[in-house]
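Please read the structure below before turning to the comments.
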Amino acid sequence: SKTSKLSTIVLRASTSSVLADLERAIDDGVHAARAACKNGKLVPGAGATEMELSLKICAFADTCPGLDQYAIRAFGKALEVVPRTLAENAGLDQGKVLAALVAAHANGKACAGVDIDAMGIDGATGVCDETKVYDLYQSKASAFRLAIDAAVTVLRVDQIIMSKAAGGGGGGGGM
């Protein structure tokens, strides 16, 4: 019916693993569409958001005194894994793409991202100044929150290990 809000999708595949992959892809698409309908905010994709955050966090690290700046900078550099992975999966030179992407963002092009269509083109940097790929803000914010939680957990465990006295537990003997 034209007014129905319910649909059925029938999937067929040659193997059960292909069918499971198709089901997962459909499920991801439905959840992405639902998230887009709830909160339609978008951010630049193709690694642009991660690169911009990386540069901002590294700049913030330069203002922090002491050893904290190294942890903050390492977190910022860890965000570069997204554009690096995109470049690698597209068959582009990771180092060249990352250098061009950092330069573009340093020059104020906050929406510059990895251009996967540049594969095989001589002289191409692998970076487009204005990406036409967008990601949901909600999923980026959630991923960023999870990354922060993971980093804080690692630092907290590291602090616990560092604060324990050398030699382990107490005297515990008893006679």
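Every read-out reported here was derived from the displayed coordinates using simple, explicitly stated rules and does not represent laboratory data. Fair warning: this is a prediction, and the values are worked out from it, not measured in the lab. We place every Cβ from the backbone using ideal geometry, glycine too, and count neighbours over all the protein chains shown.
A few notes on this one:
- Distribution of pairwise C-alpha distances over segment 36-92, 10 Å bins, in %: 23, 36, 28, 12, 1
- A full extension of the chain between residue 60 and residue 20 corresponds to an added length of 10.0 nm, given 0.36 nm per residue minus the alpha carbon distance.
- Note, ³J(HN,Hα) from phi for segment 61-72, Karplus 6.51, -1.76, 1.60, rounded to Hz, x at Gly and Pro: 4, 5, 8, 8, x, x, 6, 4, 4, 6, 5, 5
- Calculated FRET efficiency for the pair residue 37/residue 144, C-beta based, R₀ 22 Å, to 0.05: 0.50
- Segment residue 151-residue 70, length gained on full extension (0.36 nm per residue, minus Cα span): 27.9 nm
- Protection proxy ranking, highest mean first, for peptides 11-18, 108-115: 108-115, 11-18, where packing is the per-residue count of other beta-carbon atoms within 10 Å, averaged.
- The chain - Rg over Rh from alpha carbon coordinates, Kirkwood radius: 1.14
- Kirkwood radius and radius of gyration were both taken over the C-alpha atoms of segment 69-146, and their ratio Rg/Rh is 0.99.
- Cα-based helix-to-principal-axis angle, 137-163 vs the chain, degrees rounded to 10: 20
- A simple rule links phi to the HN-Hα coupling: the Karplus curve 6.51 cos²θ - 1.76 cosθ + 1.60 with θ = phi - 60°, which for segment 98-106 gives 4, 4, 5, 5, 4, 4, 5, 5, 5 Hz, with x for Gly and Pro.
- Across every pair of non-identical alpha carbons in segment 1-104, the mean reciprocal distance, once inverted, gives a Kirkwood radius of 17.4 Å.
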